[in-house]
Amino acid sequence: MRSNLAGPRLLLRRLREVMAEPITAQERLDKIVVLIASNVVAEVCSVYILRADGVLELYATEGLNREAVHNASLRVGQGLVGLIAAEARPLNLPNASAHPGFAYLPETGEEAYNSFLGVPVLRAGRTLGVLVVQNQSHRTYLEDEVEALQTTAMVIAEMVAAGELEAIAQKDTGLDLSRPVSANGAGLAEGVGLGHVVLHEPRVVVTNLIAEDADKEKGRLDGAINRLRLSIDDLLASGEIAATGEHREVLEAYRMFAYDRGWIRKIEEAIRNGLTAEAAVEKVQSDTRARMLRQTDPYLRERLHDLDDLAHRLIRELMGREHGPGIEELPQDAIIIGRNMGAAELLDYGRDRIRGLVLEEGGPTSHVTIVARALGIPTVGLVEDIVSLADGGDAIIVDGDTGEVHLRPAADLQNAYAEKVRFRARRQAQYRRLRSKPSVTKDGVEIALQMNAGLLVDLPHLEEAGAAGVGLFRTELQFMVASSFPRMREQQAQYTQVLDEAGPKPVTFRSLDIGGDKVLPYLRSIQEENPAMGWRALRLGLDRPGLLRTQIRALLHAAAKRDLKLMFPMVAEVGEFLAAKSLVDKEVKHLKRHGHPVPDNIRLGVMVEVPSLLFQMDELLGYVDFVSVGSNDLFQFFCAVDRGNTRVADRFDTLSIGFLRALKTIADAANKHHVPVTLCGELAGRPLEAMALIGLGYRDLSMSPASLGPVKAMLRTLDAGRLSARLLPRLEPGHPDSDIRSFLRRFAADMDVAL
């Protein structure tokens, strides 16, 4: 049997009056517990708040010993109050002392009370405290009383979130919401960033919790849900979304939840109990999030993300808020936090204000990671639940080198990282002083150091870092950040600007490497079991020659009367290169026939990243003008490890003997045929690995701009001949020292090589 709903609504009206009074936080809490006790006819009402040290402290009580306030406490998991905090769910008991978790606090005088109802104080699924009522009689509290207590807990949660209770916290015992949190993820882009949190899809702070008119709020909810459903239906019905694939699956999940009557019914019930529509959505989602976060099933946790997104969209719809923060609202030291985002979304923020990026998802090869790395933004991915732990404006440190994230860090940690930033700045200043120095080893071996790029914003690094040229220009980044397929004239304009910015320095363009896991939002994709080894790059270009010919024509126009250097990725057979070369030849003839100028010199090459090419090197090198080793994909295919899979990505060493032998095979073959060879993967940008490459015979390396200084500092202290003499015998079968990484470290230490 349900009690009269007027009770919860009356309670909320009185709570609104209390919240509006100009009184202290302690006085407000004291009045709240009196109101609750009166409303649910309880002899005791108590509020426990979770401190930063994991202790639940009694902050207010009606019915227990007032001397126990701020003196009585329980650990999370201890007693019934601690159990509610640990499990984030209500506990309704007619005989509390019979529960196995029962533990009373003698100083409170609560042993006289039998019935017990406690609910967690939640915000975004995170437990901030516990609200309890008790009676001497043995009774089970009614459903409406549980609902009233949960609703009141929301009001207390907002008091905590607003920092109101900090004023009455005991010295040296801050609240849990301000507790420092350190998390480990995967370092995706190097560097250290100190700043303040900006949530990519910020939770709208609901400040209007208590409704004046339940029917009006129900109408607002109905209207917002209808608009939300229509927007999802329109997206699914439009031709922009493929018939199958991940984008459609996500939207289908949204639609399923948006039409779920159980979800809507819970929100409507919260409105009937006196909450505004947006507060009702927040309450239902916070309860759901707290429950689902304790699930171990990955499918259920993924559905939680869908529900979170939908609830946030609905709240924004109700409050008339735009999707995402305005750029003008960004602090000067913004650290962007989100579940995930597209490359274009990151660029929308404006580079000059971003100091770091933290993602719950993301991987080393995701689009946003590639762009963040190109922009020099320290990035950490795979940080679990960081969105729910952070609030906008929180201080935060992002360490892209180690994959560590420190939220609300202590002062000593901030100082330590500030010193690390200053140290990095000093080292970068030293590297900048090296930019005009020759890139030559101690024994006179010249090593060309080039940079990888993909956006126009990268080009100033050519001069800043002293790069010899652009060893890899990823042309697909222009396509990834565009809202529609770039037309030939748009492509030509960008390639022209790239060549103009580079001036006399060479630029090696890589033809489109799209498809597989690099899905363009405006290009219909196909589902593949192994996208990295699927229909992508040159394979897609040869099957869709119109795409490749358009790009080739744009490059030829852009490089008219100057040099063009173009390489093709994901080549597995010599015939694929010859087919691509034939397309270039046809486009050159077409331009000449119509009187258009063409490049003075066209050099065509191949990215060696598919192991099958290792057994076709002699044949291949008879046709190409140059080769470039894509060590990222080559290592992935060589060792059968998905570099985006954190379980196996670090399982094998890039300096293992087998892989180094493969790299030496390529270098030896290229030198034998007098064909230039460059290595342009991540391997080249790490000083120890770059040292190994020089020892193998590589004389041209391309890397991220930030890596140029450290690698140049290393090679200028290196005796390349002595290294080769010590390294190469270790690659022979039967050599007793097979740990190449340890050998290189010892060699560097003995020879004073700067690493």
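Within the range 404-452, restricting attention to residues that are of a type in the set (A, V, I, L, M) and in contact with a Lys or Arg (Cβ under 8 Å, 6 or more places away or on another chain), which residue is modelled with the lowest pLDDT?
L434
How many residues are in a helix (DSSP H, G or I) and surrounded by 11 or more Cβ atoms within 10 Å (Cβ to Cβ) if we restrict to the range 398-415?
3
Out of the range 650-671, which residues are in contact (Cβ under 8 Å) with a residue 40 or more places away in the chain and out of contact with any Lys or Arg (no Cβ under 8 Å at 6 or more places or on another chain)?
Hits for the range 650-671 are S656, L660, R661, A662, K664, T665, I666, A669, A670.
Scan the range 105-121 for residues that are buried (at least 17 other Cβ atoms within 10 Å of the Cβ) and within 48 Å of the chain's Cα centre (by Cα) and report the count.
Total satisfying the criteria: 10.
Take the residues in the range 719-737 that are in contact with a helix residue (DSSP H, G or I) (Cβ under 6 Å, 6 or more places away or on another chain) and touching a residue at least 60 places away in the same chain (Cβ under 8 Å); name whichever of them is nearest to F659 (Cα to Cα).
L731
What is the residue count in the range 50-71 for residues that are hydrophobic (A, V, I, L, M, F, W, C) and touching a residue at least 60 places away in the same chain (Cβ under 8 Å)?
In the first step, residues of the range 50-71 are kept if they are hydrophobic (A, V, I, L, M, F, W, C); the result is 50, 52, 55-56, 58, 60, 64, 68-69.
Still in the running and touching a residue at least 60 places away in the same chain (Cβ under 8 Å): 50, 52, 55-56.
Adding up the residues that qualify gives 4.
Which pairs do you get when a residue that is touching a residue at least 40 places away in the same chain (Cβ under 8 Å), found in the range 483-497, comes within reach of a residue that is of a type in the set (G, A, S), reach meaning Cβ atoms under 7 angstrom, with the pair 6+ apart or on two chains?
Qualifying pairs under 7 Å: M488/A554; Q491/A554; Q492/A554; Q492/A558; Y495/A554; Y495/A558; T496/A558.
Could you say whether any residue in the range 375-384 is under 30 Å from D700 (Cβ atoms) and assigned to a helix (DSSP H, G or I)?
Going through the range 375-384, the residues under 30 Å from D700 (Cβ atoms) turn out to be 375-379.
Adding the requirement that they be assigned to a helix (DSSP H, G or I) leaves 375.
Checking the range 375-384: at least one residue is under 30 Å from D700 (Cβ atoms) and assigned to a helix (DSSP H, G or I).
Taking the condition of being within 20 Å of P545 (Cβ to Cβ), of a type in the set (D, E, K, R) and either assigned to a loop (DSSP other than H, G, I, E, B) or touching a Leu at 6+ places or on another chain (Cβ under 7 Å) (or both), how many residues in the range 582-632 meet it?
1
Does I386 fit the bill of being within 20 Å of R123 (Cα to Cα), in the same structural domain as N340 (by TED's automatic domain parsing) and touching a residue at least 12 places away in the same chain (Cβ under 8 Å)?
When the stated conditions are applied, I386 passes them.
Could you check V457 against (1) closer than 13 Å to A713 by Cβ; (2) surrounded by fewer than 17 Cβ atoms within 10 Å (Cβ to Cβ); (3) not small (G, A, S) and say which number it fails?
Only one criterion is unmet by V457, namely (1).
What number of residues in the range 172-182 are farther than 13 Å from E57 by Cα and modelled with pLDDT under 75?
The total comes to 4.
Can you find a residue that is touching a Pro at 6+ places or on another chain (Cβ under 7 Å) and either surrounded by 15 or more Cβ atoms within 10 Å (Cβ to Cβ) or among the hydroxyl-bearing types (S, T, Y) (or both) anywhere in the range 433-441?
To start, the set of residues in the range 433-441 that are touching a Pro at 6+ places or on another chain (Cβ under 7 Å) comprises none.
No, the range 433-441 contains no residue that is touching a Pro at 6+ places or on another chain (Cβ under 7 Å) and either surrounded by 15 or more Cβ atoms within 10 Å (Cβ to Cβ) or among the hydroxyl-bearing types (S, T, Y) (or both).
Restricting the search to the range 727-755, which residues are over 17 Å from P687 (Cβ atoms) and surrounded by 14 or more Cβ atoms within 10 Å (Cβ to Cβ)? Step through it out loud before you land on a result.
Going through the range 727-755, the residues over 17 Å from P687 (Cβ atoms) turn out to be 728-739.
Once the filter is applied, which keeps residues that are over 17 Å from P687 (Cβ atoms) and surrounded by 14 or more Cβ atoms within 10 Å (Cβ to Cβ), the range 727-755 yields L728, R730, L731, D739.
Among the residues that make up the range 126-138, is at least one of them within 24 Å of A25 (Cβ to Cβ), touching a residue at least 40 places away in the same chain (Cβ under 8 Å), of a type outside the set (F, W, Y) and not in a strand (DSSP E or B)?
no
Could you tell me whether T665 is in the same structural domain as V627 (by TED's automatic domain parsing) and at pLDDT 95 or above?
Criteria met by T665.
List the residue pairs whose Cβ atoms are under 7 Å apart, where the first residue sits in the range 313-329 and is surrounded by fewer than 17 Cβ atoms within 10 Å (Cβ to Cβ), the second is charged (D, E, K, R) and at pLDDT below 70, and the two are 6 or more positions apart or on different chains.
none
Is it true that R89 is touching a residue at least 60 places away in the same chain (Cβ under 8 Å), surrounded by 19 or more Cβ atoms within 10 Å (Cβ to Cβ), in the same structural domain as M154 (by TED's automatic domain parsing) and within 30 Å of V206 (Cα to Cα)?
The answer is no for R89.
With a cut-off of at least 2 residues that are under 27 Å from E143 (Cβ atoms), name the strands (runs of 3 or more DSSP E) lying wholly within the range 41-118.
On the way: elements: 44-50, 55-62, 73-75, 91-93.
The qualifying strands (runs of 3 or more DSSP E) are 44-50, 55-62, 91-93.
So that you can scan it fast, the table gives a plain yes or no per residue for (1) surrounded by 15 or more Cβ atoms within 10 Å (Cβ to Cβ); (2) farther than 26 Å from A153 by Cβ; (3) modelled with pLDDT of 85 or more:
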position	(1), (2), (3)
G223	no, yes, yes
I232	yes, yes, no
I241	yes, yes, no
R248	no, yes, no
A253	yes, yes, no
N273	yes, no, no
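Taking the options A467, A395, A448, A418, name whichever one is in contact (Cβ under 8 Å) with a residue 12 or more places away in the chain, of a type in the set (A, V, I, L, M) and buried (at least 20 other Cβ atoms within 10 Å of the Cβ).
A467
Failed condition for G697, given (1) of a type outside the set (A, V, I, L, M); (2) surrounded by fewer than 16 Cβ atoms within 10 Å (Cβ to Cβ); (3) on the phi > 0 side of the Ramachandran plot, with all others met?
With respect to (1) of a type outside the set (A, V, I, L, M); (2) surrounded by fewer than 16 Cβ atoms within 10 Å (Cβ to Cβ); (3) on the phi > 0 side of the Ramachandran plot, G697 is out only on (2).
The values are calculated or read from the model by the stated rules, or taken from the named source; none is laboratory data. Keep in mind the model is a prediction, meaning the values are calculated, not measured. Because the Cβ atoms are built from the backbone with ideal geometry, glycine has one as well, and the counts that use them run over all protein chains shown.
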